[in-house]
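The values are calculated or read from the model by the stated rules, or taken from the named source; none is laboratory data. What you see is a predicted model; the values in this text were computed from it and never measured. Glycine also receives a Cβ, built like all others from the backbone with ideal geometry; neighbour counts cover every protein chain displayed. What goes into the accessible areas is simple: the full protein's heavy atoms, side chains included, and nothing from ligands, DNA or RNA. Shrake-Rupley method; radii C 1.70, N 1.55, O 1.52, S 1.80 Å.
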Amino acid sequence: FVKDQIRKSGLTLSNVSIIPVGVDPEFFHPVSSRPTMIHTPYILGVGAVKNRKGFHVSIEAFSLVASQFPQVNYAIVGHSDGDAYGLSLKARVKELGLENRVIFLDRVSDDELRSLYSFA
């Protein structure tokens, strides 16, 4: 994404390298403590609530999954600043009748995030 944005700006990219995002295994490791914010089976999405993250697509996909798996919820962890995109996601969730199934978690502690990943 960033490389494409730089290219669109007109800058040359002759000395640019893409370095994949790494994962710190000291931080991200399985934990045994269950999440406190959600107690049912769930699918997890984590990231800034921005259009480029595709939550509008995953919510539509979840609406198809939800009818076949009524016990599964969708937890989205990410800050949205209350902007138009975040508000449109919440409106779409309501239109789909999933307001009790899609859970928006604005900010969570590191411990809660590890638990959410571990039990997703």
(message) Can you list residues from other chains, or at least 5 along the same chain, whose modelled amide H is less than 5 Å from the amide H of residue 46?
(response) 77
(message) Given an 8 Å cut-off on Cα distances and at least 6 residues of separation, report the relative contact order of region 9-120 as a percent.
(response) 37 percent
(message) Please report the accessible area of residue 9 (heavy atoms, 1.4 Å probe, ligands and nucleic acids excluded) in Å², nearest 10.
(response) 80 Å²
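With a ≥ b ≥ c the root eigenvalues of the C-alpha gyration tensor of region 1-99, is it rounded (a/c under 1.5), prolate (a/b larger than b/c) or oblate?
oblate
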(message) List the residues, sorted by chain then number, that are 5 or more residues from residue 103 or on another chain and whose placed amide H is less than 5 Å from its amide H.
(response) 74, 75, 76
(message) Please check: in the Gaussian network model of the chain (C-alpha springs, under 10 Å), which one of 89, 64, 105 has the largest mean-square fluctuation.
(response) 64
(request) Provide the per-residue ³J(HN,Hα) series for region 105-116, in order, calculated from phi with Karplus coefficients 6.51, -1.76, 1.60 and θ = phi - 60°, each as a whole number of Hz, with x at glycine and proline positions. (result) 10, 4, 9, 10, 6, 4, 4, 5, 4, 4, 5, 4
(request) In debye, nearest 20, what is the charge dipole magnitude of the chain about its Cα centre with +1 on Lys and Arg Cβ and -1 on Asp and Glu Cβ, if you could check? (result) 380 debye
(message) Can you say what percent of the DSSP beta bridges in the chain, counting only those with both residues inside, are antiparallel? Round to 5.
(response) 0 percent
(request) Report, to the nearest 10°, how far helix 84-95 tilts away from the longest principal axis of the Cα atoms in the chain, using its own Cα long axis and a range of 0 to 90°. (result) 30 degrees
(request) Could you point to the residue in 120, 78, 5 farthest towards the positive end of the chain's charge dipole, with +1 and -1 charges on the Cβ of Lys/Arg and Asp/Glu respectively? (result) 5
(message) For residue 8, give me every one of the lysines with a C-alpha distance below 25 angstrom, ignoring sequence neighbours fewer than eight places off in its own chain.
(response) 50, 53
(request) Could you point to the residue in 19, 31, 109 farthest towards the positive end of the chain's charge dipole, with +1 and -1 charges on the Cβ of Lys/Arg and Asp/Glu respectively? (result) 19
(request) Read phi for every residue in region 14-23 and hand back ³J(HN,Hα) as whole Hz from Karplus 6.51 cos²θ - 1.76 cosθ + 1.60, θ = phi - 60°, with x for Gly and Pro. (result) 5, 10, 9, 10, 9, 10, x, 5, x, 10
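Of the accessible area of region 1-70, with the probe set at 1.4 angstrom, what percent is carbon plus sulfur?
60 percent
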(request) Net charge near residue 29: determine it from the other residues with C-beta under 14 Å of the C-beta of residue 29, scoring Lys and Arg +1 and Asp and Glu -1. (result) -3
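List the chymotrypsin sites (Phe, Trp or Tyr not before Pro) within region 1-79 that DSSP assigns to loop and that have no more than 10 neighbouring Cβ atoms inside 10 Å. All intermediate terms of the calculation are to be shown ahead of the outcome.
On the way: sites: 1, 27, 28, 42, 55, 62, 74; in loops: 1, 27, 28.
Passing both the DSSP loop test and the Cβ count: 1, 27.
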